[in-house]
1. Given the Cα atoms of the chain, and with Rh set as the inverse mean 1/r over their pairs in the Kirkwood sense, what is Rg to Rh to two decimals?
2. Starting at 0 and stepping by 10 Å, how many percent of the alpha carbon pairs of the stretch 88-158 end up in each bin?
3. Per residue, how much accessible area does the stretch 18-157 have with a 1.4 Å probe, in Å²?
4. Per residue of the chain, what 222 nm ellipticity follows from adding -39500 (n - 2.57) for every DSSP H run with n ≥ 4, rounded to the nearest 500?
5. Just need the Rg to Rh number for the stretch 8-91, please, alpha carbons only, Kirkwood Rh.
6. Please enumerate, by chain and number, the lysines with C-alpha under 22 Å from the C-alpha of LYS74, excluding those fewer than 8 residues away in the same chain.
7. Filter the GluC sites (Glu not before Pro) in the stretch 132-188 down to the DSSP loop ones having no more than 14 other Cβ atoms within 10 Å, then list what survives.
8. Out of the stretch 1-110, which trypsin sites (Lys or Arg not before Pro) are coil in DSSP terms and have no more than 15 other C-beta atoms within 10 Å?
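The values are calculated or read from the model by the stated rules, or taken from the named source; none is laboratory data. All values reported here derive from a predicted model rather than from experimental measurement. Quick reminder, even Gly has a Cβ in these numbers, built from the backbone with ideal geometry, and neighbours come from all protein chains shown. The accessibility values were calculated without ligands, DNA or RNA, using every heavy atom of the protein model including side chains. Shrake-Rupley method; radii C 1.70, N 1.55, O 1.52, S 1.80 Å.
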Amino acid sequence: MSLPNENFVSLEEFYQMRESTDRILEYIDGTVFMSPSPSTQHQRISGRLHAKLFNFLEEKDCEVFHAPFDIELKNNKIDGTKIVIPDLSVICNQSGLMENKFVGVPTLIIEILSPSNQAHDLVFKLNLYMQYGVQEYWIVNPMLNTVQIYSLNDEAQYQQTDVLRGQGIARSGVLKGFEINVEELFKS
């Protein structure tokens, strides 16, 4: 994750920047963040999670989207414009789906860490998703072969509900019945 640009960028300027690059850019209240290109291992993990979620959600009211797909976080209690591109987003309230983005709050977000974006996903995005009310947030770390699962508690704060290291079954609390074998997730 590159350092944020210190100059305020308008939403219009942000969209112009996106037209002139293949990089993944996110927008948080006038600051632009650039995500690293995904590694081979990142792509494998993302593909496995997407396939499992896609198959699990068939015939259900939710749908999974993988990066690059814009999520414009929207909560009537919070000002500003925040456009993020999670690795995977599960959307159950489909009224916010537009032609090129989703406006609202996904039910579940999964981020896969890269060496250069760890702090951004572990601290900044965790707090951002919690503030907006994302019910469940998974952080997948291919460097340590860990899966951390956070769920909103009754006080609308994230509580870590599970940490799996290299083995075990990761289970969603909001998508009842969804699970994935952690060892298989991280295989080369």
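1. Numbers: Rg = 16.0 Å, Rh = 16.9 Å.
Here the Rg-to-Rh quotient is 0.94.
2. Computed distribution, short to long bins: 20, 48, 28, 4.
3. Details: 6690 Å² over 140 residues.
Per-residue value: 48 Å².
4. Calculated at 222 nm, the ellipticity per residue is -6000 deg cm²/dmol.
5. Values: Rg = 14.8 Å, Rh = 14.4 Å.
Using only Cα positions, Rg/Rh for the stretch 8-91 is 1.03.
6. Filter leaves LYS82, LYS101, LYS125.
7. Numbers: sites: GLU136, GLU155, GLU179, GLU183, GLU184; in loops: GLU155.
Here the sparse-neighbourhood loop sites are GLU155.
8. Details: sites: ARG18, ARG23, ARG44, ARG48, LYS52, LYS60, LYS74, LYS77, LYS82, LYS101; in loops: ARG23, LYS60, LYS74, LYS77.
Those satisfying the criteria are ARG23, LYS60, LYS74, LYS77.
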